[in-house]
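Peer 1: I'd like to ask some things about the structure below.
What follows is calculated from the coordinates using simple rules that are stated; it is not laboratory data. Since the structure is predicted, the reported quantities are computational estimates derived from the model, not experimental observations. Cβ coordinates were reconstructed from backbone atoms using ideal geometry, including for glycine residues, and neighbour counts include every protein chain displayed.
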Amino acid sequence: MYPIDKSINQFFTYPDYFKEVTTMEISYIKALETIIVVIVFIIAKKASSKLIQKTIENKLLHSSRERIVKKSIKLILSFILIVVIFTIWGVHQSDLVVFIGSFLTVVGVAFFAQWSILSNITSSVIIFFNHSIKLDDEIIIMEGKEYEIEGTVSNIGLFFITIRMKNDEELTLPNNIFIQKMIKRKTGTDETIP
């Protein structure tokens, strides 16, 4: 080794008490990054809330749909927040990839599995953004040529839609089944909704 290399190595070799300070500084940096990520999370949550509120006002939808979608968006943002914080604090990438892969598999099943609970949650988001049915609409669900279900939409939940029939009975349909039915709305203009 040349004398210069030796002096450089000595320069970069810290005593133990400097290693503790360096570890503390790294912890402070990680804590600062975590605080920044949480602030970004709060801003994203408020921005998505305003976007959902605008959608409600533009489409003249009921506030129950707003609550459902806000909960779903908050859940997704929280998941992203947790993943980012885990990455900041040094969770191994391979462990994180396995976790994310498992989660995405479950979400993928939710989109395609017809009887899955997650499919109902996904369907509730689809109903919120793309379906024209809202609370207190009088609808007819066409089950076939000879059988129709007629009633008023009384609740749109995260998993089910409740329809109050004319004889005061309640019919509860899972959201994933509801979005697959042909529906005729009687309130306002008579239109058939696929």
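Peer 1: Cα-Cα pairs above 17 Å in the stretch 132-193: how many percent? Write out the running numbers ahead of the final one.
Peer 2: Values: 587 of 1891 pairs.
Percent of Cα pairs beyond 17 Å in the stretch 132-193: 31.
Peer 1: How far apart, in nm, are the 7 Å Cα→Cβ label points at A31 and S102?
Peer 2: Between A31 and S102, the simple spin-label model gives 3.1 nm.
Peer 1: Separate question: Which lysines have a Cα less than 24 Å from the Cα of K54, not counting those fewer than 8 places away in the same chain?
Peer 2: K45, K46, K70, K71, K74, K134
Peer 1: Now, a different point. Which of the peptides 164-172, 77-85 is most tightly packed, and how do the rest follow, judged by the mean count of other Cβ atoms within 10 Å per residue? Mind showing how you got there, number by number?
Peer 2: Values: 164-172: 11.0, 77-85: 14.8.
Highest mean packing first, the order is 77-85, 164-172.
Peer 1: Let me have the relative contact order for the stretch 132-193, percent, based on Cα pairs under 8 Å that are six or more residues apart. Don't jump to the answer; show the numbers that get you there.
Peer 2: Values: 113 pairs, mean separation 19.5, N = 62.
Relative contact order for the stretch 132-193 comes out at 32 percent.
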